[in-house]
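The values are calculated or read from the model by the stated rules, or taken from the named source; none is laboratory data. What you see is a predicted model, and the numbers here were worked out from it, not measured in a lab. Note that each Cβ is placed from the backbone with ideal geometry, even for glycine, and that neighbours are counted across all protein chains shown. Ligands, DNA and RNA are excluded from the accessible area calculation, which covers all protein heavy atoms including side chains. Shrake-Rupley method; radii C 1.70, N 1.55, O 1.52, S 1.80 Å.
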Amino acid sequence: MSFFSDIERELVVTARTPVAESVVALELRAPNGRPLPAWIPGAHIDLVLADGLVRQYSLCSSPDDRDAWRVAVLRDDDGRGGSVAAHDLRAGDRVRARGPRSGFGFETPRARERVCFIAGGIGITPILPMVRAAEAAGADWTLDYSVRTRAALPFADELAARGDRVRIHVSGEGGRADLSQIVVDAGDAPVWACGPERMLGALREATGPDARLHVEPFTTGNLPSAVRREPFDVEVMSSGQVLTVPADRSVLDVLEDNDVFVLSSCREGTCGTCETVVVDGEVDHRDRVLSEAERASSPVMMVCVSRAACPRIVLDL
Ligand code: FES
């Protein structure tokens, strides 16, 4: 079961609680007190912040609590301002939100079923509701959670209360998680993971092309270099219009400049909202949504970050 909603609504911040170094938990409610839409563990919402910045945050409260959503925001002073704007929200502030959306498609395990959770840094947020669901179902679960320092460890009390099913790896204390061993120990169990791209890349390497691995990156970091530095052309199939994308602009920017509407959200290649069918041409995939298998099998591209690997591509727009 998955949920997808693009309805934008106004919410009010009803609590703001520091939960770790540079991390605050925000509790969000409908101003009229009405119940919020249903969601499943792993779902996220978009917060629409000042200057049109949109940032995604995983819901880390309980899906049973329809009165309030909770997200945790890591402040990144070197970012583009979205996390700072979200981190600076105060109780009583109003903020617009879209969603929830379920990118993970989490399936609650059965009693005694083995499940392996892996998280890094703020990537714990979508994993927490999954852990609670696995525990409630009586599953045989473990969580390996990597953080830089103990001060940067959010939700420490809740994690500690779950005893030795939770293994904390503090890299600042020399405690790095051995991902290869964790994957071996997991056997055939599904692996649900969220964290920095470097960690997820290592995990993909450890599992190989393995359907039991379900991952979600929480941050973009730097985009990979484009394979072509030259401008390229994009043909809009419905109108035959041909637009030139210069090296310093995205396909999405150029389409919007020319009044070709494409739904978008993160504009960083992480949410999948701008997925567009490619009718012809070779794509230089730079997103963090599609797996290698999906890139090979489906002719789509995330137009906010991906580019052409050839002089012209034709899009089904
Ligand atoms: S807008 Fe999110 S992947 Fe393009």
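Enclosing the Cα atoms of region 31-106 in their convex hull gives a volume equal to 97 cubic angstrom per residue.
Secondary-structure-derived ellipticity at 222 nm for the chain, considering helices only, amounts to -4500 deg cm²/dmol, per-run term -39500 (n - 2.57) for DSSP H runs with n ≥ 4. Of the DSSP H helices in the chain, none is both long (alpha-carbon extent of 24 Å or more along the helix axis) and hydrophobic (Kyte-Doolittle mean at least -1.0). Ordered by 1.4 Å accessible area with all protein chains kept, Ser306, Ser22 run largest first as Ser22, Ser306. Here the spin labels are modelled as points 7 Å beyond Cα on the Cα-Cβ line, and at Arg312 and Asp140 they lie 5.9 nm apart. For the chain, the pair-distance distribution built from all alpha carbon pairs, in bins 10 Å wide starting at 0, is 6, 25, 32, 25, 11, 2, 0 percent.
Per residue, the accessible area of region 232-315 comes to 44 Å² when a 1.4 Å probe rolls over the protein heavy atoms. Within the listed set Ala134, Ala211, Ala119, the Gaussian network model of the chain (springs between alpha-carbon atoms below 10 Å) gives the highest mean-square fluctuation for Ala211. Distance from the Cα centroid of region 131-166 to that of region 6-32 is 22 Å (rounded to whole angstrom). Residue by residue, region 138-147 carries 3J(HN,Hα) couplings of x, 6, 9, 10, 9, 10, 10, 10, 9, 9 Hz when phi is fed to the Karplus relation 6.51 cos²θ - 1.76 cosθ + 1.60 (θ = phi - 60°); x denotes Gly or Pro.
Amide H contacts for Val283 (H built 1.01 Å from N in the peptide plane; partners 5 or more residues away or on another chain; cut-off under 5 Å): Ala309. Close amide H contacts of Cys271 (hydrogens built in the peptide plane, cut-off under 5 Å, sequence separation of 5 or more or a different chain): Cys266. Residue-wise HN-Hα couplings along region 300-317, as the Karplus relation 6.51 cos²θ - 1.76 cosθ + 1.60 with θ = phi - 60° gives them from phi, are 10, 8, 8, 6, 6, 10, 6, 10, 8, 9, 8, x, 8, 10, 10, 10, 7, 10 Hz; Gly and Pro carry x. Normalised radius of gyration (Cα atoms, divided by 2.2 N^0.38 Å) for region 10-63: 1.20.
Ranked from largest to smallest solvent-accessible area, with a 1.4 Å probe on the protein heavy atoms, His87, His214 come out as His214, His87. FRET efficiency for the pair Ala296 and Ser239, taken as 1/(1 + (r/R0)^6) with r the Cβ-Cβ distance and R0 = 51 Å, rounds to 0.95.
Around the amide H of Glu21, modelled in the peptide plane, lie the amide H atoms of Ala152, Leu153, all under 5 Å away and 5 or more residues distant in sequence or on another chain.
Along region 262-279 the Karplus relation, 6.51 cos²θ - 1.76 cosθ + 1.60 evaluated at θ = phi - 60°, assigns HN-Hα couplings of 10, 5, 9, 9, 6, 6, 10, x, 10, 9, x, 5, 8, 3, 9, 6, 9, 7 Hz to successive residues, with x for each Gly and Pro.
Residues Asp280, Asp157 ordered from highest to lowest accessible area at a 1.4 Å probe: Asp157, Asp280.
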